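Heads up, the thing below is written out as structure tokens.
Each reported figure results from applying straightforward, stated rules to the coordinates on display, with no laboratory input. Just so you know, these numbers come straight off a predicted model, no measurement behind them. Glycine also receives a Cβ, built like all others from the backbone with ideal geometry; neighbour counts cover every protein chain displayed.
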Amino acid sequence: MKDKQYLIAVDLDGTLLSGFDQYDDKSFELLKGLAKEHYVVIATGRPLRSSKYYYDLLGLDTPIINYNGALVHNPAHLDFPKQMVYIEREDLFQFLHDNEALITNAFCEIEDDIYLYRETKEVLPYLHLEGGNLRIGHLEEILPSNPNGAIIFSHVGSESILENYVHEHFNGRVQLRFWYVEDTVVSEFYNPITSKAHALRFICNHYHIAHEFTIAIGDGHNDIEMIEFAKYGVAMGNAHPDLIKSAKYLTSTIQENGVYYFLNSFFNENGYHQE
């Protein structure tokens, strides 16, 4: 891969995509042009199977960050040194067992192998089943090795109990972060070294990209470390309030083509003109 200048890391859902699959075509077109001269990197919580379409649409040959940084690899260059981060499956088993009264569902993945406790309506949009291998059952019985992390569904009001449990029992080995879907609490059970920021640092080191040439754009709580890491950390107008507090720059919403307007302005000011 020839030397390029900036590393531009962009989240998918809520940043380039809305409603799981509606993409911002104006921002995509600009990124496709920028990718000819810069390292455009997708940084997402999704697995590869549901992000590869957008990777190909952008014509990328760069690494991709999946599972919020638990997997860094390059689909276009298989000699790129893959980096994977795991949680201990015994920690997950203990967490599920001791909190079974609060937890309604859970699933985890090892690349494209999906291990689901039980099939329920609220979990289906998160599974990205196309291209995946699904197994359903008690995770203690079907999970063969350590997964990249786990997604937990629990009752509203369970947050502080689950958070305290993790703090008291795992000595910093795992963490939880929460978001909400209607009347269900969704949390990610993850290794604390898993972050998009760690993944970006790994990519920067691999390609010898100086920090002053890093741009990151996102909207979610899972983008905070990435936004804080980048020289130019940008929050979408529709971003989580905590991310907006952490960002150095604020752009418009995804519906207003926020990625396009920030990058177009940034690169025009720095002498780049899209072909």
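Sequence-distant contacts, meaning Cα pairs under 8 Å at least 6 residues apart, place the relative contact order of the range 171-261 at 18 percent.
How large is the helix-only mean residue ellipticity at 222 nm for the chain, computed as the sum of -39500 (n - 2.57) over DSSP H runs with n ≥ 4, divided by its residue count, in deg cm²/dmol to the nearest 500?
One gets -8000 deg cm²/dmol as the mean residue ellipticity at 222 nm.
Residue order for Cys108, Cys204, fewest other beta carbons within 10 angstrom first, comes to Cys204, Cys108. Give the aspartates and glutamates whose C-alpha is closer than 12 Å to that of Lys52, dropping any in the same chain fewer than 8 places away, or say none. Once the sequence-local aspartates and glutamates are set aside, what remains near Lys52 is Asp61, Glu130. Note: relative contact order over the chain, using C-alpha pairs below 8 Å and six or more positions apart, is 20 percent.
Taking a 23 Å limit on the Cα-Cα distance, which of the listed pairs Lys4/Lys32; Lys82/Lys248; Lys82/Lys196; Lys4/Lys82 fall beyond it? Pairs exceeding 23 Å: Lys82/Lys248. DSSP assigns beta bridges within the range 1-98; of those with both partners inside it, close to 55 percent run antiparallel. A simple spin-label model places the labels of Lys36 and Ile136 4.8 nm from each other, with each point 7 Å out along Cα-to-Cβ.
When +1 charges are put on Lys and Arg Cβ atoms and -1 charges on Asp and Glu Cβ atoms, the dipole computed for the chain relative to its Cα centre reaches about 740 debye. Shown here: the chain, whose C-alpha atoms stretch 58, 39, 33 Å along the first, second and third principal axes, sorted largest to smallest. Measuring between their Cα centroids, the range 71-136 and the range 203-273 lie 28 Å from each other.
Which of rounded, prolate or oblate describes the range 20-64 when judged by the alpha-carbon gyration tensor and an a/c cut-off of 1.5? Taking the square roots of the gyration eigenvalues as a ≥ b ≥ c, the range 20-64 is oblate. Which log10 I(q)/I(0) values, to two decimals, does the range 164-264 give at q = 0.14, 0.18, 0.19, 0.22 Å⁻¹ under the Debye formula with one point per Cα? Ignoring solvent entirely, the Cα scatterers give -0.64, -0.94, -1.00, -1.14.
Taking the DSSP beta bridges with both ends in the range 89-190, the antiparallel portion is around 85 percent. Considering only Asn99, Ser160, Ile224, the residue lying farthest towards the positive end of the dipole of the chain is Ile224, judged by Cα position with unit charges set on Cβ. Shape verdict for the range 89-190, please, from the Cα gyration tensor: rounded (a/c under 1.5), prolate (a/b greater than b/c) or oblate. Verdict is oblate for the range 89-190.
Residues Phe170, Phe262, arranged from fewest to most other Cβ atoms within 10 angstrom of their Cβ, appear as Phe170, Phe262. In a simple Cβ point-charge model (Lys, Arg +1; Asp, Glu -1; nothing else charged), the range 1-140 has a dipole of about 440 debye relative to its Cα centre.
Selection among Ile193, Thr214, Ser145 by position relative to the dipole of the range 130-257 gives Thr214 as farthest towards the positive end (Cβ unit charges, Cα centre). Of all DSSP beta bridges confined to the chain, the antiparallel ones make up roughly 60%.
With the simple model of a label 7 Å out from the Cα in the direction of the Cβ, His211 to Ser160 spans 3.7 nm. Each peptide in 216-227, 59-70, 25-36 was scored by the mean count of other Cβ atoms within 10 Å over its residues; highest first, the order is 216-227, 59-70, 25-36. When only the Cβ of Lys, Arg, Asp and Glu is charged (+1, +1, -1, -1), the dipole of the range 89-190 relative to its Cα centre reaches about 40 debye. The modelled label-to-label distance between Glu100 and Asp113, using points 7 Å beyond Cα along the C-beta direction, is 2.4 nm.
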